[in-house]
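To keep things clear, I will list the structure first and then write my remarks on it.
The values are calculated or read from the model by the stated rules, or taken from the named source; none is laboratory data. This one's a predicted model, so the numbers in the text were calculated from it and none came from an experiment. Neighbour counts run over all protein chains shown; Cβ positions are idealised from the backbone, glycine included. Side chains are part of the model used for accessible areas, which takes the heavy atoms of the whole protein and leaves out ligands, DNA and RNA. Shrake-Rupley method; radii C 1.70, N 1.55, O 1.52, S 1.80 Å.
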Amino acid sequence: MFASRRGRIVLLLAILVAPVVAARTAAGPDAPTKYLLPPKEIVDAFNVEPLPGSTLSPNKTTLALTYRHGQPGIAELAQPVLRIAGSRVNPKTYGPHRTSLIYAITMKRLADGGELKVAVPPQANLSNVKFSPDGAHLSFLNTKENGIELWIADTASGAAKAVTGADRINETTGDPCDWLKDNTTIVCNLVPTGRGPAPVAPAVPSGPNVQENEGKPSPAATYEDMIKDAHDEDLFEYYFTSQLTAINIATGAKTPMGRHAIIASVSPSPDNAYFLVTSVKRPFSHLIPMNGFPEDVEIWDRKGAVARKIADRPSREGTTLTGVEPGPRGYHWRADQPASLIWTEALDGGDLKNKVPFRDKVVAVTAPFTAQPTEIAKTEWRFGGISFTDKGVALLSESDRATRHVRTWIIEPGAEPRKLWDRRQDSAYDNPGTPMTRRDSGDGRGGGGGRGGGGGGPIMQAGDYIFLTGSGSSPEGDRPFLDRLNLKTLQTERVFRSASGAYETVVAPLDDNMNRFLTRYESQTEPPNYYTRNRDSASSKKAVTSFVDPQPQFRGVEHHLITYKRKDGVTLSATLYTPPGYKKGDKLPVIMWAYPREFGDPDSASQVTGSADHFTIVNGYSHLFLLLSGYAVLDNPTMPIVGPGETANDHYVEQLVASAEAAIDKVVEMGVGDRDHIGVGGHSYGAFMTANLLAHSRLFRAGFAESGAYNRSLTPFGFQSERRTFWEVPDLYAKMSPFWFASQIKDPILLMHGEADDNSGTFPIQSERLYMALKGFGATVRYVTLPFEAHGYAARETLLHVLAERINWFDKYVKNAPPRTTTEAAR
C-alpha cells in the first residue's frame, strides 16, 4: 500500500507540473511518468568514463590502473536485495548490492611508463583489486550473476585465472580476502558448502513480533534496514555465515580454518602467524546495525585453532550518544611487532558525564597470548588512536568533545610521554598533517593491516624523522604539503609544498627514506596525472600517466576561490564557477549548493579551505552540470554553525540565514548575479538546510532538496553533530525542523528522495510528510521519488533524470523568474 500510494503521488505531481516536464517527454499528460533526459550537451558530458583508479604495488614499481563504468543501469539496482542488519546484499551473489563496475586493469610501470593489460574474464565486473606483498601477483574479485569468484593475475605477463573453482566468495560483511606474506596464500571468507536452501518466510505468522526493554536506557540513532522478526534473524545468519579458508594460488588447494561463523572482520598479525577474528553471534539486535551486535573476539592460529579468546562483547545497545561501549574496544595489531594485539578500555563506563581522572587505558598482549595484558598508557580525554613507527615510537591521540581539542603524545619505552600537538580539532590551519606509513600491503593502504581493524602499516621513521602530509589549508586556499618532523627536537621542516596555481598531493613514498615519492598533480588547465619526484630536486618531476581531458565541454568554465564576511564577523569562503563563454559584468542566474557544518569557535569557522586550482571534472549527478545550462554555481560556500561545546545549534537558523545573506551579497557585489535570480540546493543535510532557508527567509527564488530530513522529532536521540536528545532541548528540535514551519515556505521547492534510502534518519517519509504539509498550505512544490535508489543515487537513468529535473525546475523558477513584487519580498 505504501509504495502504490507513493506511485500515485508521483503520477499526480507529473500531471500538475506537466508544463515543466513537457519539454523533455513526448507523452501526453495522462501517460505514465518516464525517466527524463537533460539537454544533449549535458548527456554527452555525463557519458564520459571516469578517470582510472590507481593502486601502487608494495615494491613501488607499478601502478595498477582500474577502469570502470560510470554508472549501473536501473535494471542492476532492481536486482534482488536483502536489506537486513543495516546492510544491503544481493542474496544471489553473497555480495554487495552495488558493485564497483571495474571492467579492465592495466599495469603501469613507474620507471618507463610501459603498460601491460591484465587478462580479465568476459563481461568482467571486478572489485577489491590488491597486489600480493611482493607485487608479483594481483588479486581481484569478479561478480557474476550467481556468485563471486577470486581471480589471480601474474603482474609480469598479465595472465589471470580463477582460483575458487566451484566455491563462492562471501562478501556480505565486507572485504573478504587477505594476502599472506608467503605470496602464495590468500585467506578468504567462502560461502559454506553443503547447506540447504535459504529459510522461507512462514505463510502464516505464528504470533506477533515483540520487543521489550526492562529498565535499561538504550538510546539509538534512527537506523534503516534493521532486523524485524525471527525470519530476518534466520536470513541474516544464513547469508552472513562464512568459512574462513586459506587458498594456495599455485595449486588452488583450499584449507578451511576454524568454524563456520558470521565473521565480521579478519586481520592477520604482521608476521602472519595469527589472525584476529571477530564473529557476530546471537541475540541479534532489532534496534542497531550489525556492528553493534554481540561478538566474540578471538586470536586464531594458522590452523584456525583459538589461541586466546580476547573478549565476549555484549550488544552495544545502550551506549550513550557521546560515549563509547563500557568494555574493551578498538582491537588491532601493533604494526611494528610480529604479533602483539592492542586495544582500549573505557575507565569511565563509556560515559563522558562520569567524572574520572582518566577516560581510557590502552593495553596490549603479545604472542603466545598466555600472559595478562600490560598497560601502555592512560588518557585524560577520550582515546582517539595510537600508531607506532617502525622503530617502536608511539603517537597517541586523545580528544575532548567539550572543548573540541585534540592532543597527540609521543610515547617511548622507559620515558615520560611528551606532548607533540595540542590543537583545536576544527582549526584547518593548525592541522599538522597525517604521518606517512609503510606501504607493504597490496591494496595500497599502508600494509599489514588486514580487512578488519588491523590498524595499517607502521609509520615510516628514518633516523629521528617521520613524514607528514596534509591539505595545507591557508588564507590563500589549500596548498598540500610534505613535512619532515624530528621526534627528538619536535622541529618541522617543509620538504614539499604544492606550487601556487596547481594542486599536487603526495600519494605514497617510493623508498624507505622518502627521498622519492609519488604525487598526483592537477591545475585548472591540466587534468589529474601521477608523477614521481625526488625530495631534493625541484626539477625531478617525471610523468607516470598521461590522462587526457575527458570533458572538453567544461574547459571554458572558470572558477575562483572567494572570501567574504558574515555580519557577525565570521569570514566565509566559496568557489564561484562561471559557465563557458561568460563575459565579466554579465549577470547570470546563480545556484548556491551547500552543506552546513558545526564549529566550536569563530576563528576556526573563519578559516579558508578548498582550492581554486582543481581541474574541473564533473561526475554523476553533480550540480556543476548546471554550468552547461548557463548558470553560475556558488559551490560549497561555508555555512558554519558556531558555538562552544554542545551549543552550536542553539543559533542554527540565525547563523544559517546570515551565511546565505553574506554569500548572496558577495555574488551581487561581484556583478555575477542579481537577487531576483538566485536558487539554492543541497543533498541530505544540505536539503535540510535548503528547506530551512526557504522557511526562514525570502533570499532565494526556489530550492531543490534531495534526500533530506525535515522533522527532527523523528530523530529524537540526536542527528548530524547534535548529541542532545529531543527531551533535553525540545524547543531546539522544533526550531531546527522546517516541517514545523511549512506554512512559512513561500518560494517553490522541489523535494526528491530515493525510495530505498539507507541513511540514518533520512527515511523517505521525511520528504513525504513535508510534501503533504506544503501541499496543505498551497505551496508550489514538486515531489519526486526514485525507485530502487538509496541515499546516494546510482543508476544511469536516475542520474540523468535528476539533472533534467534540476534544469527544468531552476529554469522555470530561477532563470526565468520575474522580478519579485514589493508584496512578495515583504512576506
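Taking all protein chains into account, the per residue accessible area for the chain stands at 41 Å² (1.4 Å probe).
The HN-Hα couplings worked out from phi for segment 81-96 by the Karplus form 6.51 cos²θ - 1.76 cosθ + 1.60 (θ = phi - 60°) are 9, 9, 9, 7, 6, x, 10, 10, 10, 8, x, 7, 10, 6, x, x Hz, whole numbers, x standing for Gly and Pro.
According to the square roots a ≥ b ≥ c of the eigenvalues of the Cα gyration tensor, what is the shape class of the chain, taking rounded for a/c under 1.5, prolate for a/b larger than b/c otherwise, and oblate for the remainder? Rounded, because the longest to shortest axis ratio a/c is under 1.5. Our coupling estimate for segment 812-821, obtained by passing each phi through the Karplus curve with A = 6.51, B = -1.76, C = 1.60 and θ = phi - 60°, is 6, 9, 10, 4, 9, 6, x, x, 5, 7 Hz, Gly and Pro reported as x.
Our analysis of segment 179-283 gives Rg over Rh at 1.10, with the two radii drawn from alpha carbon positions and Rh computed by the Kirkwood formula. Across all Cα pairs in segment 692-825, the calculated P(r) in 5 Å bins from zero up to the longest distance comes to 2, 10, 18, 19, 19, 16, 9, 5, 2, 0 percent per bin. Amide hydrogen proximity for A264: with H placed 1.01 Å from N in the peptide plane, the residues at 5 or more positions away or on another chain lying under 5 Å are T278, S279, V280. Taking amide H as placed 1.01 Å from N in the peptide plane, T545 has its amide H under 5 Å from the amide H of Y530, each at least 5 places away in sequence or on another chain.
Computed over segment 495-653, the quotient of the alpha carbon radius of gyration and 2.2 N^0.38 Å is 1.27. Could you tell me whether segment 372-445 comes out rounded, prolate or oblate from its Cα gyration tensor? Rule is a ≥ b ≥ c as square roots of the eigenvalues, rounded for a/c under 1.5, then prolate if a/b exceeds b/c, otherwise oblate. The shape class here is oblate. The residues packed around L65, meaning those with a beta-carbon under 14 Å from its beta-carbon, carry a net charge of +3 if Lys and Arg are +1 and Asp and Glu are -1. Radius of gyration over Kirkwood radius for segment 52-109, both on Cα atoms: the Rg/Rh ratio is 1.14. For segment 99-161, the spherically averaged projection of the C-alpha convex hull amounts to 4.4 nm². A simple count of charges around E722, restricted to other residues whose Cβ falls under 14 Å of its Cβ and scoring Lys, Arg +1 and Asp, Glu -1, yields +1. Computed from phi, the 3J(HN,Hα) profile of segment 541-548 under the Karplus parametrisation 6.51, -1.76, 1.60 (θ = phi - 60°) reads 4, 10, 6, 9, 10, 9, 5, 9 Hz, with x in place of Gly and Pro. For a test of the definition: using alpha carbon positions, the gyration tensor, and the 1.5 limit on a/c, classify segment 26-148 as rounded, prolate or oblate. Oblate shape, in that a/c is at least 1.5 and b/c is the bigger or equal ratio. So what's the Cα pair-distance distribution over segment 254-337, bin width 5 Å, in %? Binned Cα distances yield the sequence 3, 14, 23, 22, 17, 12, 7, 2, 0. In terms of distances greater than 23 angstrom between alpha carbons, the cross-link table entries K40/K587; K281/K353; K309/K353; K130/K181 yield K40/K587; K281/K353; K309/K353.
Note on segment 615-681: the C-alpha convex hull projects to 6.5 nm² when averaged across all orientations. Against the chain, whose longest principal axis is taken from its Cα atoms, helix 796-810 shows a tilt of about 30°.
Using Cα atoms only, what is the angle between the long axis of helix 2-16 and the major principal axis of the chain, expressed in degrees (0 to 90) to the nearest 10? Result, in degrees: 40. Only DSSP H runs of four or more residues enter the estimate; each adds -39500 (n - 2.57), and after division by the residues of the chain the mean residue ellipticity at 222 nm equals -4000 deg cm²/dmol.
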